[in-house]
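As structure tokens, the structure follows; a few thoughts come after it.
The values are calculated or read from the model by the stated rules, or taken from the named source; none is laboratory data. The shown structure was predicted, so the numbers you read here are calculated from the model rather than taken from an experiment. Every residue, glycine among them, receives a Cβ derived from its backbone with ideal geometry; neighbour counts consider all protein chains shown. The protein model used for the area step is the full one, side chains on, heavy atoms only, and it has no ligands, DNA or RNA in it. Shrake-Rupley method; radii C 1.70, N 1.55, O 1.52, S 1.80 Å.
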Amino acid sequence: MVLTGADVAAHSTRESLWMIIHGKVYDLTEFCSSHPGGERVLLKYAGKDATEEYDPIHPPGTIEEALTPDKHLGDVDLSTLAAEQKPAEQPAAKAPSGDAPLTLGACLNLDDIERAAEKLLKPKAWAYYRSAADDEKTHDWNRASFYSVRLRPRVMRDVTHVDLTTTLLGCKSSLPIFVSPAAMGRLAHPDGEKCLARVAATQEIPYMVSANASVGFEELAALAQPGQTLFYQLYVNRDRQKSEDILKRVAKAGYKAICVTVDAPVAGKRERDERAKLDEDAATDPNMQKAVKSAGPDAPDAPQDEPSQGIAQALGSYVDATLSWTDLAWVRRASGGLPLIVKGIQTAEDAALAAHHGANAIILSNHGGRQCEGAPSSLETLLEIRKFEPRVLDKVEVWCDGGFRRGTDVLKALALGARAIGIGRPFMYSLAFGDAGVSKVATILRDELAQNTRLLGATKLSEVVPAMVNARELEDNLYDGPYESPVKTILARL
Ligand code: HEM
Ligand SMILES: Cc1cc2nc3c(=O)[nH]c(=O)nc-3n(C[C@H](O)[C@H](O)[C@H](O)COP(=O)(O)O)c2cc1C
């Protein structure tokens, strides 16, 4: 059956809720109350084409899994849709303005890519990627930390050749760099995370796929080249069975390790993200008002009383806040024994506990400043571990992320004992340019790393040693209270 836009628009209440996704009309009346993303969003797009909103959030196959075939009522005649209901072109570029570089060729460093993305991405995508917690001081501090550390370059060494290769948990990488897990790639580009997977393969660096990726993890694994390293990042679901099922599928799909993110039992307060949603909600939306009215005065999610949820809040609603150290053994078992990475370590105590409870690698991370405002930068946590729990560095691989934008930032952390560095936002921003953008980020980092490793007087990563940095300024400000290690022994993992 072919329906018109007017047919669909007539079903825009909780009593009868139709929606258009990819030119198909669905009856969501029954499904509405059990939608994992909440009723409110469905009511907002009731009677409309919601493809643009739907796509970045849901992996392919969601509709087929969530709805029975009889809920597909037919196709819509696109020519009958009102202009504002027609699917927007992807990606929508804003008119060039300001002095941001708008071609990839003009981007010389990762900050240029960020400024270009601010101009090119849709405001909601930019707000979600860029947002950080509270006053964004931890976000800023991640960057500022590097400025307080000096390098101590050695000279008169033969640095004609440089080798940047390394291994992460035994997996080869052409650089000491991996793609940090970040959700919702399709907010920036129709291919979303596929761009990250393809380029990680050609650049020969590991890609850690987010639990909230907007392309299914199996679809990404199917794109993998022989020998490519994909890690899977897990948020443990309150419904543990769901996580167990995912872990089985992840192992079957060929992922090389599981990374449990532990710094997000609840989402941080990200006001840019919330504001972007508020701006949207504030727009006159008679359809929403009508839908809410039809739900009666007791509507649980009446918008006038409820603070607007940002994307982060909506995405994080299934995360299990009861997670504890002993659950790591369960994660490993459920994955069939894959190596385990714990992401979000912010103190020496937790580094020791993660190692004690069987992590093979830990990621010192404050989630790019998106979670606990006031948390230390990963460089500071690394120094804290060197001070209080140096044995951790011998027992597990220590990786870092947060604010790394220059080859020299990476070298500072490597010199202090980190094995690999995750890059988050720059890769997400670069999606504004598709595969070429992602390649550019990796190439810039590769070139800066090669150049500065040589300027430091090293020809391979094992020659980048603690004596090559002066971190005195940061060390002076480290935690100095009483310290008692929470664990007596740490089993050897390496
Ligand atoms: C045919 C229409 C839709 C269907 C069948 C549907 C189905 C689903 C399903 C099954 C999930 C859970 C995904 C998972 O756990 O991996 C989900 C999550 C979500 N949906 Fe929808 N959805 C629809 C439309 C929409 C629309 C129009 C929006 C508006 C933006 C939306 C927003 C969300 C959000 C924010 C989540 C994340 C919730 C969370 O993970 O906590 N959905 N949806
Ligand atoms: C848009 C965005 C989405 C993210 N999503 C996730 C996620 O799904 N899981 C996770 O463990 N970390 C997530 N992170 C945190 C990153 O993995 C990483 O810790 C952080 O981005 C590093 O900081 P940087 O962006 O300054 O490089 C996300 C970060 C951003 C910017």
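Taking the stretch 159-195 as the range and being within 16 Å of ligand 2 (Cβ to nearest atom), more than 13 Å from residue 57 (Cα to Cα) and part of a loop (DSSP other than H, G, I, E, B) as the test, the residues that pass are 175, 176, 180, 181. Within the stretch 164-187, being of a type outside the set (Lys, Arg) and within 16 Å of ligand 1 (Cβ to nearest atom) holds for 181, 182, 183, 184, 185, 187.
If the condition is being in a helix (DSSP H, G or I) and either in contact with a His (Cβ under 6 Å, 6 or more places away or on another chain) or of a type in the set (Asp, Glu) (or both), then the stretch 110-158 contributes 111, 112, 114, 118, 140.
Can you go through 143, 198 and tell me which one is within 14 Å of ligand 2 (Cβ to nearest atom), basic (Lys, Arg) and buried (at least 16 other Cβ atoms within 10 Å of the Cβ)? Checking each option against the conditions leaves just 143. The C-beta contact set for the stretch 32-51 (first residue basic (Lys, Arg), second residue part of a helix (DSSP H, G or I) and more than 16 Å from ligand 2 (Cβ to nearest atom), distance under 6 angstrom, 6+ apart or interchain) comprises 44/288; 48/85.
Conditions tested, residue by residue: (1) within 16 Å of ligand 1 (Cβ to nearest atom); (2) touching an Asp or Glu at 6+ places or on another chain (Cβ under 8 Å); (3) farther than 27 Å from residue 207 by Cβ; (4) modelled with pLDDT of 95 or more.
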residue: 309; (1), (2), (3), (4): yes, yes, yes, no
residue: 317; (1), (2), (3), (4): yes, no, no, no
residue: 330; (1), (2), (3), (4): no, no, no, yes
residue: 334; (1), (2), (3), (4): no, yes, no, yes
residue: 352; (1), (2), (3), (4): no, yes, yes, yes
residue: 366; (1), (2), (3), (4): no, yes, no, yes
residue: 377; (1), (2), (3), (4): no, no, no, yes
residue: 382; (1), (2), (3), (4): no, no, no, yes
residue: 386; (1), (2), (3), (4): no, no, yes, yes
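Taking (1) surrounded by 15 or more Cβ atoms within 10 Å (Cβ to Cβ); (2) within 10 Å of ligand 1 (Cβ to nearest atom); (3) in a helix (DSSP H, G or I); (4) not small (Gly, Ala, Ser) in turn, residue 64 satisfies each apart from (1). Within the option set 170, 216, 227, 254, being of a type outside the set (Phe, Trp, Tyr), within 15 Å of the chain's Cα centre (by Cα) and assigned by TED's automatic domain parsing to the domain that holds residue 333 holds for one residue only, 216. Scanning the stretch 411-440 for residues that are within 11 Å of ligand 2 (Cβ to nearest atom) and under 17 Å from residue 460 (Cβ atoms) yields one hit, 421. Answer with yes or no whether residue 224 is small (Gly, Ala, Ser), closer than 30 Å to residue 375 by Cβ and touching a residue at least 24 places away in the same chain (Cβ under 8 Å). Considered against the rule, which asks whether it is small (Gly, Ala, Ser), closer than 30 Å to residue 375 by Cβ and touching a residue at least 24 places away in the same chain (Cβ under 8 Å), residue 224 comes out as no. If only residues of the stretch 30-57 that are in a loop (DSSP other than H, G, I, E, B) and open to solvent by 40 Å² or more (accessible area, probe 1.4 Å) are counted, the one that is nearest to residue 4 (Cα to Cα) is 48.
I need a count of the residues in the stretch 244-261 that are buried (at least 23 other Cβ atoms within 10 Å of the Cβ) and either within 13 Å of ligand 1 (Cβ to nearest atom) or without any contact (Cβ under 8 Å) to a residue 12 or more places away in the chain (or both). Residues meeting the conditions: 0. Can we say residue 69 is closer than 26 Å to residue 218 by Cβ, open to solvent by 40 Å² or more (accessible area, probe 1.4 Å) and of a type outside the set (Gly, Ala, Ser)? Against the criterion (closer than 26 Å to residue 218 by Cβ, open to solvent by 40 Å² or more (accessible area, probe 1.4 Å) and of a type outside the set (Gly, Ala, Ser)), residue 69 qualifies.
Is it the case that some residue within the stretch 404-411 is over 29 Å from the mean Cα position of the chain (by Cα) and among the charged types (D, E, K, R)? No, that holds for no residue. Only a single item in (1) open to solvent by less than 20 Å² (accessible area, probe 1.4 Å); (2) assigned to a helix (DSSP H, G or I); (3) farther than 21 Å from residue 199 by Cα is not met by residue 418, and it is number (2).
Does the stretch 206-225 contain at least one residue that is in a helix (DSSP H, G or I), in contact with a strand residue (DSSP E or B) (Cβ under 9 Å, 6 or more places away or on another chain), farther than 21 Å from residue 344 by Cα and away from ligand 1 (no atom under 12 Å from the Cβ)? Yes, that holds for at least one residue.
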